[in-house]
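Following: one structure in structure tokens, then a few remarks.
The values are calculated or read from the model by the stated rules, or taken from the named source; none is laboratory data. Bear in mind that the values here come from a model prediction, so they are computed numbers and not experimental data. Every residue, glycine as well, gets a Cβ built from its backbone with ideal geometry; the counts of neighbours run over all protein chains shown. The accessibility values were calculated without ligands, DNA or RNA, using every heavy atom of the protein model including side chains. Shrake-Rupley method; radii C 1.70, N 1.55, O 1.52, S 1.80 Å.
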Number of protein chains: 4
Amino acid sequence: MTSVDDTLARWRADEARVRARRGEVGAVPPHELAGLSGLELFEAMFDGRLPAPPIGETLDFLAVHVEHGHAVFQGRPGHAHYNPLGTVHGGWFATLLDSAVACAVHSTLPAGKAYTTLELKTNIVRALTDRVPLVRAEGRVVHAGNQVATAEGRLFGPDGKLYAHASTTCLVFDARPPR
Amino acid sequence: MTSVDDTLARWRADEARVRARRGEVGAVPPHELAGLSGLELFEAMFDGRLPAPPIGETLDFLAVHVEHGHAVFQGRPGHAHYNPLGTVHGGWFATLLDSAVACAVHSTLPAGKAYTTLELKTNIVRALTDRVPLVRAEGRVVHAGNQVATAEGRLFGPDGKLYAHASTTCLVFDARPPR
Amino acid sequence: MTSVDDTLARWRADEARVRARRGEVGAVPPHELAGLSGLELFEAMFDGRLPAPPIGETLDFLAVHVEHGHAVFQGRPGHAHYNPLGTVHGGWFATLLDSAVACAVHSTLPAGKAYTTLELKTNIVRALTDRVPLVRAEGRVVHAGNQVATAEGRLFGPDGKLYAHASTTCLVFDARPPR
Amino acid sequence: MTSVDDTLARWRADEARVRARRGEVGAVPPHELAGLSGLELFEAMFDGRLPAPPIGETLDFLAVHVEHGHAVFQGRPGHAHYNPLGTVHGGWFATLLDSAVACAVHSTLPAGKAYTTLELKTNIVRALTDRVPLVRAEGRVVHAGNQVATAEGRLFGPDGKLYAHASTTCLVFDARPPR
């Protein structure tokens with residue numbers, strides 16, 4: 001087996017393991033969100049105690065690994081993501097990268113803190129088609145401040161080829177404002 | 001009827017008219033692409049002579065108007081686009097805005113010229129849920145050069161409220177390299 | 001006189017008028033800053049009651065007009081701004097555009113509110129040399145929120161030619177935290 | 001000596017060594033540019049055979065190290081770079097980062113190839129004053145293609161504190177078009 005095949009086999013196994021444990025697709029009840037740190041939220045999703053987000057179902061991607069300041073998403077480029085030019089739409093790259101960089105930020109937040117994405121810049125460096133069976137978007141926090149956090153991400157194939165990269169700015173705020 | 005209702009009624013009528021005329025969803029054969037100017041391609045899609053792009057079907061949005069240097073897309077924010085936080089995923093904003101700014105650029109290209117998106121920055125200024133029935137993403141070319149074009153876009157609701165804006169850089173090149 | 005000459009003559013007159021009234025170059029005392037709205041600060045600078053910022057002196061540009069949500073800066077491209085390639089360095093474009101978009105945001109803030117720039121994206125669409133006698137950078141607010149504001153800007157010559165454009169995200173906060 | 005003092009001493013020594021060898025400040029004759037690879041150009045500047053760029057003199061920064069795909073600039077934050085708020089203007093951050101990422105790209109180009117910066121996004125994560133004696137901007141190529149290259153950069157102090165980061169898109173083209 002070549003190294004690319006090894007990687008692909010590992011990625012498929014990661015996805016199967018995540019899918020086997022996780023729960024329904026749906027919305028997280030807001031009161032549950034506020035009581036959890038970012039990492040606790042992702043753990044609850046991985047454990048099937050909280051639902052997986054609908055956008056992942058719609059666009060065929062999912063989180064496969066989250067730790068403090070670092071998040072990895074995996075997606076399957078498909079026909080359903082094509083633009084009129086016969087390649088994967090830039091919005092699909094942006095969606096996976098946005099997920100990766102935003103969750104990298106979220107993973108650093110304690111319970112009681114929330115965030116929102118202010119901006120995302122995506123650089124697309126190579127066209128993508130369904131001949132690439134799987135891709136990964138990996139996000140890493142660059143700056144984690146009290147009010148603002150930034151992160152960068154890369155989207156690459158099982159052979160390590162880079163398809164896109166991104167950077168984001170997130171606003172961090174108190175999830176439960178004082179009454 | 002309030003002005004917002006007027007706008008919404010007009011947007012729904014625009015969508016119905018576009019859907020009534022257009023063809024199947026699918027890929028445009030590459031040899032057809034090369035022979036058409038950007039505007040001719042969009043006209044062929046609006047007329048049903050060429051298929052509509054799959055990504056629009058997957059994410060519930062479509063082009064409703066394209067003219068030279070200007071493109072308007074319309075989408076229905078839905079549950080299927082939600083992130084874990086219970087709002088529309090940033091990637092959905094990016095997808096509509098990318099379509100709008102890229103097609104604004106494409107609409108300026110003569111037959112024999114092609115483009116690819118190099119980068120897109122999306123600013124998200126307000127959360128979006130399915131309580132907003134429809135949104136529009138409008139793109140306008142800022143600079144149309146021989147090798148590079150840039151464009152800006154806005155995503156807003158029927159009441160004129162802004163949800164996001166974006167800017168893009170596209171590479172312009174010869175569609176048919178000399179042999 | 002051609003229209004370009006007209007514009008240039010007007011731009012030079014604007015600059016002369018601003019320079020005639022304004023004060024020394026230096027730093028605004030922090031306690032003065034906190035008590036002024038954005039527009040009051042710019043008026044105090046235009047009136048010579050507060051000093052002009054050092055960066056303008058260093059890079060040969062200045063504010064020529066500020067109103068609510070809109071700011072205009074003017075600069076003289078010169079040899080001192082050149083990169084090794086013999087054109088104006090991208091950083092000079094970024095400095096003028098940053099000033100224009102940030103001051104457009106600042107101009108919307110009441111006394112007691114402050115802002116900081118989180119990010120700026122500059123698109124450069126045309127090289128600039130000292131053969132262009134003057135350029136203007138014009139900034140306009142796109143979104144003015146309680147915590148976040150965004151703005152866009154254009155840098156153009158007296159003939160209307162576009163050299164660069166930009167968009168920014170600013171964080172808005174209370175200038176005087178409660179003690 | 002603390003580690004910060006060590007770093008600062010090393011940075012000062014690097015600057016002294018570069019200043020001792022380099023030549024006048026001025027423009028590189030265009031015909032010289034075309035015959036050199038990116039790395040040859042930087043070596044000629046470091047050796048004093050070609051002039052140093054004017055912008056560095058104007059804004060008190062210089063290249064201290066360039067290798068394939070990697071460039072390091074060093075600057076001294078000063079009063080001359082201040083905005084009205086009493087901190088270093090965002091344009092100074094952008095100038096150093098633009099230099100770092102653009103030269104990282106340039107360093108990968110063979111003779112006969114040229115580049116131009118299409119866009120730069122700068123994230124500012126911390127205010128900077130002249131209490132920080134020196135900062136470095138480090139740029140690294142992310143994607144080096146035939147027509148397009150991208151790079152990322154960081155600006156940090158001698159204690160490793162991050163002040164800003166950036167990403168850029170550059171267009172790569174033939175320096176001498178066929179006649």
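Look through the stretch A:31-48, keep the residues that are open to solvent by 30 Å² or more (accessible area, probe 1.4 Å) and without any contact (Cβ under 8 Å) to a residue 24 or more places away in the chain, and return whichever of them is farthest from A:C103 (Cα to Cα).
A:H31
Out of (1) under 30 Å from C:H106 (Cα atoms); (2) among the small types (G, A, S); (3) in contact with a Gly (Cβ under 7 Å, 6 or more places away or on another chain), the odd one out for D:G78 is which?
Of (1) under 30 Å from C:H106 (Cα atoms); (2) among the small types (G, A, S); (3) in contact with a Gly (Cβ under 7 Å, 6 or more places away or on another chain), only one is false for D:G78: (3).
Restricting to the stretch A:86-95, name every residue that is open to solvent by 10 Å² or more (accessible area, probe 1.4 Å) and more than 7 Å from every other protein chain (Cβ to nearest Cβ).
Passing the criteria: only A:T87.
Taking C:L162 as the residue in question, decide whether it is free of Cβ contacts under 8 Å to residues at least 60 places away in the same chain, farther than 23 Å from D:G78 by Cα and either aliphatic (A, V, I, L, M) or crowded, with 24+ Cβ neighbours inside 10 Å (or both). Give the derivation first.
Numbers: free of Cβ contacts under 8 Å to residues at least 60 places away in the same chain: yes; farther than 23 Å from D:G78 by Cα: yes; either aliphatic (A, V, I, L, M) or crowded, with 24+ Cβ neighbours inside 10 Å (or both): yes.
Against the criterion (free of Cβ contacts under 8 Å to residues at least 60 places away in the same chain, farther than 23 Å from D:G78 by Cα and either aliphatic (A, V, I, L, M) or crowded, with 24+ Cβ neighbours inside 10 Å (or both)), C:L162 qualifies.
Across the stretch C:96-122, which residue is most open to solvent (accessible area, probe 1.4 Å) among those that are within 19 Å of C:L41 (Cβ to Cβ) and among the hydroxyl-bearing types (S, T, Y)?
Once the filter is applied, the top-ranked residue is C:T116.
Mind telling me which of the residues A:A100, A:A80, A:A114 ends up being free of Cβ contacts under 8 Å to residues at least 40 places away in the same chain, under 20 Å from B:Y82 (Cα atoms) and small (G, A, S)?
Details: A:A100 fails: free of Cβ contacts under 8 Å to residues at least 40 places away in the same chain; A:A114 fails: free of Cβ contacts under 8 Å to residues at least 40 places away in the same chain.
So the residue among A:A100, A:A80, A:A114 that is free of Cβ contacts under 8 Å to residues at least 40 places away in the same chain, under 20 Å from B:Y82 (Cα atoms) and small (G, A, S) is A:A80.
Quick grid of which residues meet (1) farther than 30 Å from D:F173 by Cβ; (2) surrounded by fewer than 22 Cβ atoms within 10 Å (Cβ to Cβ):
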{"position": "B:H70", "(1), (2)": "no, yes"}
{"position": "B:G78", "(1), (2)": "yes, yes"}
{"position": "B:L134", "(1), (2)": "yes, yes"}
{"position": "B:A166", "(1), (2)": "no, no"}
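Restricting attention to the stretch C:120-179, which residues are away from chain B (no Cβ under 14 Å), under 17 Å from C:A102 (Cα atoms) and not in a strand (DSSP E or B)?
Answer for the stretch C:120-179, where residues must be away from chain B (no Cβ under 14 Å), under 17 Å from C:A102 (Cα atoms) and not in a strand (DSSP E or B): just C:A175.
Taking the stretch B:16-30, which residues are out of contact with any helix residue (DSSP H, G or I) (no Cβ under 6 Å at 6 or more places or on another chain) and either in contact (Cβ under 8 Å) with a residue 60 or more places away in the chain or β-branched (V, I, T) (or both)?
B:V18, B:V28
Among (1) facing chain A (nearest Cβ under 7 Å); (2) part of a helix (DSSP H, G or I); (3) within 30 Å of D:L120 (Cα to Cα), there is one condition B:A80 misses while meeting the rest; what is its number?
The failed condition is (3).
Step by step: first the residues of the stretch B:49-68, then only those that are open to solvent by 30 Å² or more (accessible area, probe 1.4 Å) and more than 10 Å from every other protein chain (Cβ to nearest Cβ), then the one that is nearest to B:E15 (Cα to Cα). Which residue is that?
B:H65
Sort out for me the helices (runs of 4 or more DSSP H) sitting completely within the stretch B:1-53 that have 3 or more residues that are out of contact with any Phe, Trp or Tyr (no Cβ under 6 Å at 6 or more places or on another chain) and closer than 24 Å to B:A175 by Cβ. It would help to see each step written out before you state the result.
Values: elements: B:3-21, B:30-34, B:38-46.
Once the helices (runs of 4 or more DSSP H) in the stretch B:1-53 are filtered for at least 3 residues that are out of contact with any Phe, Trp or Tyr (no Cβ under 6 Å at 6 or more places or on another chain) and closer than 24 Å to B:A175 by Cβ, what remains is B:30-34, B:38-46.
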